[in-house]
Amino acid sequence: MKQQITVTVNGVQYTSEVEPRLLLVHYLRDVLNLTGTHVGCDTSQCGACTVIMNGSAVKSCTVLAVQADGAEITTIEGLAKDGQLHPLQEGFWEMHGLQCGFCTPGMIMTAYDLLQKNPNPTEEEIRHGLEGNLCRCTGYQNIVRSIQYAADKMRGAAAAAGGE
Amino acid sequence: MYPAAFEYYRATSVPEVVQLLQQHPDGKILAGGHSLLPMMKLRLAEPAALIDIGRVPDLNGIQDAGDSIVVGATTTYWNLLQSDVIRQSLPLITEAANVVGDIQVRNRGTLGGAMAHADPAADMPAVALALDASMKVVGPNGERTIPASEFFVDMFTTALSPDEVLTQIIFPKPQGTSGQAYEKFAHPASGYAVVGVAAFVTLDGGKVQTVRVGITGAGTVAKRASAVEQALAGQEPTEQAIESAAAHAAEGLELNGDIFASEEYRAHLARVFTQRALSRAVAAARG
Ligand SMILES: Cc1cc2nc3c(=O)[nH]c(=O)nc-3n(C[C@H](O)[C@H](O)[C@H](O)COP(=O)(O)OP(=O)(O)OC[C@H]3O[C@@H](n4cnc5c(N)ncnc54)[C@H](O)[C@@H]3O)c2cc1C
Ligand code: FES
Ligand code: FES
């Protein structure tokens, strides 16, 4: 039996009738047409599907859409504001944090959670933080640099705003 | 990537969970979903109904109850990592929770789910054994409490009946001079424990008073290493005493062997990681 859910994605509220077995990632991609969130595996291991749900990074292939009823979700499409890239997006651009780009949305959403929990991570903490995200291209070096770039920039912005 | 179809119920109270379990004998509880949904996606599990306990208010949270710490079943690893009372009294939980899976898994996975699932490679069963936790469960006939030492029965099998829900995991607060440590050899691909050893010791007058060692990963089910405990209890915990006690780590385990790690290798890891965990627990107790 279909169930009604209401979900806020990137600030827009949607109400839909879904089958209970619909995974959140398919809801985002196939129902809402937000295809920035990727599917890279069927074993919950690659992290390409990572989105922010109620403030925390989750693998949207391992959450049912019905479990997200009432939730606030941010996907990669929701990060840039007023045509301005998010510091993480800018970091991946500046530091060449991607090659094919398939893993990038998931990497960025996981890094978003990592930096909100720990705004000044060491390289080791960044690597520990990325354990749930696989990249087949870059060898991770530049991904770590991209996140360091974003961390520096975000701390600078927080300091300028009198946040620290 | 679609699981087989099922009916979905979102429970709002513990009695409702029990009632739904009775109405749906082919149903399963859904907590964080990070063991169950991966199995359903691969169609290794096809429950006819899911009873979502994720929003039952009484099941979530960490309470300091004086001489124990009570953790609600749907408390996530991330909730545990954020808790000061856990970090202060039961740092073993903090240490082990931090090496479960990855950020995303820790954000969703629950302590109750980890206990109820009893994956032979899961971390928290070893921790519950070492800390002498007990499991509060509720079923049609009311409530009962099962010590961790009787809870984990076999691979993916616990003392829970199909119509019971695990509600709380109760950890006694350590008394006296105590130390705790978790040592894990993580599978490089999956992150699960090839072997994980949780150690708890109390010292009295320079001698080991209480010692509990929980071993996961090595065998078909997480177990107390009784032979290690017996060898070390009452002894002065010198490096030599720890090493000779740890030599018993694989005794009584029904060893797992697979393409990554043979039975012999797991037995070896169990001994080495028991020694490391005990050494660190003793060092922590000495301060
Ligand atoms: C990529 C990945 C990596 C992982 N790595 C690790 C790791 O390194 N170490 C580790 O220990 N675990 C690991 N896990 C597993 C993770 O810890 C799971 O979250 C945990 O094992 C189960 O908790 P859950 O809340 O997700 O349970 P669910 O998946 O919701 O449920 C699991 C089972 O327990 C039952 N159940 C759940 N809650 C209750 C309850 N309160 N009462 C009765 N029955 C209940 C369910 O019916 C189901 O059968 C990993 C998982 C993934 C996806
Ligand atoms: S698609 Fe979700 S973890 Fe791979
Ligand atoms: S850039 Fe290709 S998978 Fe990461």
- Sort out which residues of the stretch A:107-164 are outside any helix (DSSP H, G or I), over 15 Å from the mean Cα position of the chain (by Cα) and not polar (S, T, N, Q), and write them in order of number. A:P119, A:P121, A:R136, A:C137, A:G139, A:Y140, A:A161, A:G162, A:G163, A:E164
- Message: Looking for something within 11 Å of chain B (Cβ to nearest Cβ), more than 19 Å from B:L30 (Cβ to Cβ) and surrounded by fewer than 16 Cβ atoms within 10 Å (Cβ to Cβ) - is there at least one such residue anywhere in the stretch A:45-60?
- Response: yes
- Item | Scope the stretch B:40-63; condition more than 10 Å from chain A (Cβ to nearest Cβ) and within 16 Å of ligand 2 (Cβ to nearest atom); matching residues | none
- Apart from one, (1) open to solvent by 30 Å² or more (accessible area, probe 1.4 Å); (2) more than 10 Å from every other protein chain (Cβ to nearest Cβ); (3) touching a Gly at 6+ places or on another chain (Cβ under 7 Å) all hold for B:S35; the odd one out is (2)
- Message: For the stretch A:87-106, give me the residue count where each residue is in a helix (DSSP H, G or I) and within 16 Å of ligand 1 (Cβ to nearest atom).
- Response: 1
- Among residues belonging to the stretch A:106-164 that are open to solvent by 70 Å² or more (accessible area, probe 1.4 Å) and within 16 Å of ligand 2 (Cβ to nearest atom), point out the one that is farthest from B:W78 (Cα to Cα). A:R136
- Answer with yes or no whether A:L64 is open to solvent by less than 20 Å² (accessible area, probe 1.4 Å) and within 16 Å of ligand 1 (Cβ to nearest atom). yes
- Item | Answer from A:A80, A:A68 - the residue that is among the aliphatic types (A, V, I, L, M), within 11 Å of chain B (Cβ to nearest Cβ) and either out of contact with any Phe, Trp or Tyr (no Cβ under 7 Å at 6 or more places or on another chain) or within 26 Å of A:N142 (Cα to Cα) (or both) | A:A68
- Task: Specify which of the listed residues (B:G101, B:G54, B:G66) is part of a loop (DSSP other than H, G, I, E, B), away from ligand 1 (no atom under 11 Å from the Cβ) and open to solvent by 10 Å² or more (accessible area, probe 1.4 Å).
- Result: B:G66
- Query: What residue, among those in the stretch B:151-192 that are assigned to a strand (DSSP E or B) and within 14 Å of chain A (Cβ to nearest Cβ), is farthest from ligand 2 (Cβ to nearest atom)?
  - Reply: B:K184
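The values are calculated or read from the model by the stated rules, or taken from the named source; none is laboratory data. These numbers come from a predicted model, not from an experiment. Here Cβ is always computed from backbone atoms with ideal geometry, including for glycine, and neighbour counts include all displayed protein chains. Keep in mind that these areas ignore ligands, DNA and RNA; they rest on the heavy atoms of the full protein, side chains included. Shrake-Rupley method; radii C 1.70, N 1.55, O 1.52, S 1.80 Å.
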